[in-house]
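Computed from the coordinates by the stated procedures, all read-outs in this text should not be read as laboratory data. Because the structure is a prediction, the values reported are computed rather than measured. Cβ placement follows ideal geometry from the backbone for every residue including glycine, while neighbour counts extend to all protein chains displayed.
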Amino acid sequence: MSKILIKAMVLPMTGPDVFYSRGEICIEEDRILSVGEEGSAPGNFVPDRILNLPNDVVMPGLINTHTHAAMTLLRSYADDLPLMPWLHDKVWPFEDKMTEQDIYWGTALALCEMIHSGTTTMLDMYASMDQVAEAVLQAGTRAVLSRGLIGNAPNGERALQECIDLVQQYHGAGGGRLKVMFGPHAPYTCSGEYLRRVKAEADRLGVGIHIHVAETLDEIAMLKEQYGKTPVEWLDELGLFGGHVVAAHCVHLTPNDMEILARRHVCVAHNPESNMKLNSGTAPIIELRHRGIVVGLGTDGASSNNNLDLFGEMRSAAFQQKLQVDSTALPAYQVLEMATVNGAQTLGFEDVGMLAPGFKADLITVDLDQPHFYPRFSIPAHLAYVAHAGDVRTMMVDGRILMEERKILTLDVHRVCQEAETRAKRIAAELN
C-alpha cells in the first residue's frame with residue numbers, strides 16, 4: 001500500500017478563506033486521506049515517502065475542458081487567419097493527411113506539455129480516439145474523450161459508429177481515469193436528424209455530449225438563415241440539451257440563449273485565448289456565472305492558441321472580463337475555481353478538482369521560490385495572474401507521481417518531440 005505525505009503550502013480550493021501556509025496532505029493509494037495544517041496527519045499514518053516542499057504551493061491539478069490534443073502537430077502552421085478560412089483552407093486539408101499514428105504522437109506531445117504545465121485532466125475532441133486513449137493511459141493522466149462527429153461529412157456514419165465503439169471499449173478504462181462523450185462538432189456541420197441520433201445513442205449508453213456552440217458571428221448568421229434561430233435555440237428545439245452537455249465557446253449568446261443554457265444545466269467550456277486569436281469575440285462569462293451556469297476553462301487546440309498552458313488561460317480569462325466589464329470582474333480565486341473545481345463539475349467528475357479527504361489525489365505543486373512570486377501578498381493572485389507553465393514542479397494523478405522536479409516519468413519526452421517534428425513536417429511537405 002502506497003502512502004505519501006506532502007509538506008508544503010496548501011491551497012485546497014475548498015473555499016476562498018482556506019489556505020495552509022504550513023500544511024500537509026496525506027495520500028493513501030489513489031485518494032487523499034487528510035488535508036490541514038502541519039501536524040494534522042492521523043496518528044496512525046506512517047508514510048512510505050515524504051515530499052518536503054516548503055516553498056511550493058500544492059493545489060488541485062488543472063482541468064482543461066476543451067482541446068484537440070493532436071492538433072499540436074499544427075502548432076504555428078496556420079496562424080493569423082479567421083476561423084472559417086483557417087478551418088477550410090488550412091486545418092482540414094492537414095488533418096486529412098494525418099494517420100492514426102500521427103494522432104497518437106500529436107496527443108503524446110500535448111500530454112507532455114500538459115503535464116509540464118500542471119494539467120491533470122482534459123476533455124478532448126478529435127478522430128482516432130482509440131489512439132488518444134492509449135496515449136492518455138500511457139501518460140497516466142485523466143481524460144474525457146469525445147470522437148469528433150461531422151455529420152455532413154462522407155464519414156459521418158462511420159464516425160458515429162466509432163464513437164459507440166469508443167464508449168464500449170474505453171469508458172471507465174484506466175481505473176476510471178478515462179470517460180467518453182459523444183462529440184458532434186457544431187450545429188453548422190451536423191444536420192438535425194444526425195444530432196437527434198447522436199443524442200439518442202448518448203442517452204442509450206449513458207454518456208454526455210460535447211459540442212462547439214455559438215463560437216463566431218458567421219455561425220450565428222448561418223443558423224439564422226437556415227433555421228431562423230440561434231444555435232442554442234435550435235439545439236434546444238432538437239432536444240440535444242438535457243443530461244450532461246458541455247458547450248464549447250458560447251461567445252455570441254442572447255439573453256434567451258443564456259436562459260436556455262441555465263434551464264438545461266448545460267456547462268460551458270470557455271476558451272479566451274483561442275477566441276481572441278481567431279477574433280471570435282468575448283464570451284459573457286460574468287453573466288453566465290450570475291445565472292448559475294458552470295463555466296470551466298479550456299485552451300482549444302494548439303493550432304489556435306498556440307499553447308496548452310492553463311495558467312496563461314486563467315490570466316487571459318480574468319483580464320478579458322475586467323476589460324469588458326470592470327476591474328472587479330472575475331477575481332483571482334474565481335478564475336482558479338474555473339480551472340479546478342468548476343472544471344471538474346463541467347467534466348462530470350465528482351471526486352477531483354479539490355484537495356479534500358476522499359477525493360482523488362490529483363494535484364500539482366508550484367515552486368514559489370522565484371523572484372516573480374515575491375512579495376507574497378496573495379497566493380491566489382500569484383497563481384492566477386503571475387504563474388506560468390514552467391513554475392510547476394510536481395504532478396500527481398490517482399496518487400501516482402507523473403512528474404517530479406520537472407522530469408516526466410511516464411513518457412519519453414525527447415522521443416515524443418522528435419516523432420511530432422518529423423510527422424508534422426512530412427504532412428506539411430505533402431501539402432506544398
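If R0 equals 51 Å, the separation of the Cβ atoms of T14 and L217 corresponds to a calculated FRET efficiency of about 0.80. Amide H to amide H distances under 5 Å link I401 with no residue, where only residues 5 or more positions off or on other chains count and H is placed in the peptide plane. Phi angles of the stretch 93-103 translate, via the Karplus equation with coefficients 6.51, -1.76, 1.60 and θ = phi - 60°, into HN-Hα couplings of x, 5, 5, 4, 9, 7, 8, 4, 5, 4, 5 Hz per residue; Gly and Pro are given as x.
Counting every other Cβ atom within 10 Å of each residue's Cβ, I63, I364 order from fewest to most as I364, I63. For the stretch 380-394, the Karplus equation 6.51 cos²θ - 1.76 cosθ + 1.60, evaluated at θ = phi - 60°, returns couplings of x, 5, 4, 6, 7, 10, 10, 4, 9, 3, x, 8, 7, 9, 9 Hz by residue, with Gly and Pro reported as x. With neighbours defined as other Cβ atoms within 10 Å of a residue's Cβ, the residues R376, R75 order from fewest to most as R376, R75.
Rg/Rh for the stretch 275-395 (Cα atoms only, Rh after Kirkwood) is 0.96. By the beta-carbon count within 10 Å of each Cβ, the least crowded to most crowded order of H66, H414, H210, fewest first, is H414, H66, H210.
Using only side-chain charges placed at the Cβ, +1 for Lys and Arg and -1 for Asp and Glu, the dipole size of the stretch 166-300 relative to its Cα centre rounds to 500 debye. If only the Cβ of Lys and Arg carry +1 and only the Cβ of Asp and Glu carry -1, the dipole of the stretch 62-347 around its Cα centre is close to 620 debye. Amide H contacts for S2 (H built 1.01 Å from N in the peptide plane; partners 5 or more residues away or on another chain; cut-off under 5 Å): E29. Amide H contacts of K179: A143, V144, L145, G172, each under 5 Å away and 5 or more positions distant or on a separate chain (H built 1.01 Å from N in the peptide plane; Pro and chain starts excluded). Springs join every pair of Cα atoms under 10 Å in this Gaussian network model of the chain, and among G172, G399, G23 the largest mean-square fluctuation is at G172. Each helix, a run of at least 4 DSSP H residues, gives -39500 (n - 2.57); summed and divided by the residues of the chain, these come to -10500 deg cm²/dmol at 222 nm.
Against the compact-protein benchmark of 2.2 N^0.38 Å, the Cα-based radius of gyration of the stretch 62-347 scales to 0.91. Paramagnetic label reach from H388 (point 7 Å along Cα→Cβ; backbone nitrogen cut-off under 16 Å): within the stretch 310-354, residues 310-317. In sequence order, the stretch 222-234 has phi-based couplings of 5, 5, 4, 5, 6, 10, x, 9, 6, x, 5, 4, 5 Hz under the Karplus curve 6.51 cos²θ - 1.76 cosθ + 1.60, θ = phi - 60°, and Gly or Pro positions carry x. For E287 and N432, the difference between the fully extended length at 0.36 nm per residue and the C-alpha to C-alpha distance is 47.7 nm. The simple spin-label model puts a point 7 Å past each Cα toward its Cβ; for E37 and T422 those points are separated by 5.7 nm.
Build a GNM of the chain with springs between Cα atoms under 10 Å apart, and of H88, H382, H171 the one that fluctuates most is H88.
If you take the alpha carbon atoms of the stretch 48-153 and fit the smallest convex hull around them, that volume is 134 Å³ per residue.
A simple count of charges around E259, restricted to other residues whose Cβ falls under 15 Å of its Cβ and scoring Lys, Arg +1 and Asp, Glu -1, yields 0. The modelled label-to-label distance between D369 and R49, using points 7 Å beyond Cα along the C-beta direction, is 1.9 nm.
For a paramagnetic label modelled on H414 (point 7 Å from Cα along Cα→Cβ), amide N atoms under 12 Å away are absent within the stretch 59-102.
Label positions at R158 and W92, each projected 7 Å from the Cα along the C-beta direction, are separated by 1.7 nm.
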